[in-house]
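**Q** Got a structure for you, written out below as structure tokens; questions coming shortly.
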Amino acid sequence: MAGFARKLVRQIRIDGVAGVLAKVPLWLRGHCEARLDRRLGIATVGQVEVADSALLEPGHDHLANAVFYAPLQFAKFRRLIRAARPFDPEQYTFIDYGAGKGRALVLASGLGFRRVVGIELFDSLCRHARRNLDAVAARDPAAARIELLCMDAALYRPPAGDLFCYFYNPFDDVVMRQVLAHLEAADASAARRILIAYSNPVHAGVFDSAGFLRLHHSSDGLRIYRNRRH
Ligand SMILES: C[S@@+](CC[C@H](N)C(=O)[O-])C[C@H]1O[C@@H](n2cnc3c(N)ncnc32)[C@H](O)[C@@H]1O
């Protein structure tokens, strides 16, 4: 407690009372996110810059198109799943394009998706995700089935069956167009349902202009699409 008081006084000296009060919601959110992580036995909070990942792995084709790692807040993920309804998770393969440290994979596995697949460009993040998935799998056998692919999402071809494609602003429109081309081919190849949930949809124009999709939901920071066969 004395340590906390000391830190508070030091922070007030730096930012002033108003500055400290303005930071309270952020601190509370960080605290809450870390607590939910601990409850699941995973470590996914924090941000990892592309430049830091690229220092260790400079050879990727789409480095310049990548967005940094940060996990989607737990509450926002729950909201996204609600907005995508109605759908039956047991019928769908959940795919996280840009899976980072694996938070969404763990949450999707807990929701009973038929199959859960994560695609992540950087080995360093994949290794972190693998540790999280192993920790969850030690308690929950369903999590042992989560598939993690360390590869460029632009090259990934989705599996057969109904697809729930999740994006948390992982890359720019160049990679997004390549991903979309694979999804369009998947739509044309078989009668199946495709759901696309795009949080922080910076490049929504790519999906908005795709003829095989229709907009199912749009709100601040979230767009959900379904294929027209849906
Ligand atoms: C904003 S984070 C999203 C993290 C995760 N989906 C979540 O909700 O917790 C974006 C992630 O996309 C990854 N990424 C960027 N470009 C990629 C690509 N071409 N292929 C696969 N992953 C990529 C980044 O390394 C980063 O981990």
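Computed from the coordinates by the stated procedures, all read-outs in this text should not be read as laboratory data. On a predicted model such as this, the values are computed, not experimentally measured, just so you know. Ideal geometry is used to build each Cβ from the backbone, glycine not excepted, and the neighbour counts take in all protein chains shown.
**Q** Output the relative contact order of the chain, whole-number percent, from Cα pairs under 8 angstrom with separation of 6+ residues.
**A** Over the chain, the number comes to 16 percent.
**Q** Hey, another quick one. List the DSSP H helices in the chain whose Cα atoms stretch 24 Å or more along the helix axis and whose mean Kyte-Doolittle hydropathy is at least -1.0.
**A** In the chain, the long hydrophobic H runs are 2-40.
**Q** While we're here: Quick check: from the Cα gyration tensor, does segment 1-129 come out rounded (a/c under 1.5), prolate or oblate?
**A** oblate
**Q** Another question, then. Calculated FRET efficiency, Asp220 and Val9, Cβ-Cβ r, R0 45 Å, to nearest 0.05?
**A** The pair Asp220/Val9 has a calculated efficiency of 0.75.
**Q** Follow-up question, since we're still on this one. Please give, to one decimal in nm, the separation of the simple spin-label points placed at Leu149 and Arg85, each 7 Å out from Cα toward the Cβ.
**A** Here the modelled spin labels are 3.0 nm apart.
**Q** How much length is gained on full extension from Phe68 to Arg35, taking 0.36 nm per residue of separation minus their Cα-Cα distance?
**A** Going from the current span to full extension adds 9.6 nm.
**Q** Classify segment 1-40 from the C-alpha gyration tensor, please: rounded if a/c falls under 1.5, else prolate or oblate depending on whether a/b exceeds b/c.
**A** oblate
**Q** Tell me, for the chain, which Cys residues have no other cysteine's C-beta sitting closer than 4.7 Å.
**A** Taking the Cβ cut-off of 4.7 Å, the unpaired cysteines of the chain are Cys32, Cys165.
**Q** Let me ask another. Once each part is reduced to its C-alpha centroid, what is the distance from segment 171-203 to segment 137-158 in angstrom?
**A** When both Cα centres are located, 18 Å separates them.
**Q** Further question on the same structure: List the aspartates and glutamates whose alpha-carbon lies under 12 Å from that of Lys76, not counting same-chain residues fewer than 8 positions away?
**A** Glu33, Asp220
**Q** On to the next question. For the chain, with only Lys/Arg (+1) and Asp/Glu (-1) charged at the beta-carbon, what is the dipole magnitude about the Cα centre, in debye rounded to 20?
**A** 1100
**Q** Rg (Å, one decimal) plus Dmax (Å, integer) for the alpha carbons of the chain?
**A** Over the chain's Cα set, Rg and Dmax evaluate to 19.1, 64 Å.
**Q** Multiply the residue separation of Asp172 and Arg78 by 0.36 nm, subtract the distance between their alpha-carbon atoms, and state the gained length in nm to one decimal.
**A** Roughly 31.4 nm would be gained on extension.
**Q** Taking the alpha-carbon centroid of each part, what is the distance from segment 33-66 to segment 74-116 in angstrom?
**A** Using only Cα atoms to place each centre, the spacing works out to 19 Å.
**Q** Could you work out [θ]222 nm for the chain from helices alone, using -39500 (n - 2.57) per DSSP H run of at least four and dividing by all its residues? Round to the nearest 500 deg cm²/dmol.
**A** -14500 deg cm²/dmol
**Q** Please state the equivalent ellipsoid semi-axes for segment 132-230: what are the square roots of 5 times the Cα gyration tensor eigenvalues, largest first, in whole Å?
**A** They are 25, 16, 14 Å, listed from largest to smallest.
**Q** Still on this model: Take each of the peptides 224-230, 16-22, 89-95, 206-212, average the number of other beta-carbon atoms within 10 Å over its residues, and list them starting from the highest.
**A** Put in order of decreasing packing, that is 89-95, 224-230, 206-212, 16-22.
**Q** Please work out whether segment 163-202 counts as rounded, prolate or oblate from its C-alpha gyration tensor, where a ≥ b ≥ c are the square roots of the eigenvalues and a/c under 1.5 means rounded, while otherwise a/b larger than b/c means prolate and anything else oblate?
**A** Oblate is the answer for segment 163-202, as a/c is 1.5 or above yet b/c matches or exceeds a/b.
**Q** Below 13 Å, Cα to Cα, which aspartates and glutamates can Lys23 reach? Residues fewer than 8 away in the same chain don't count.
**A** Asp15
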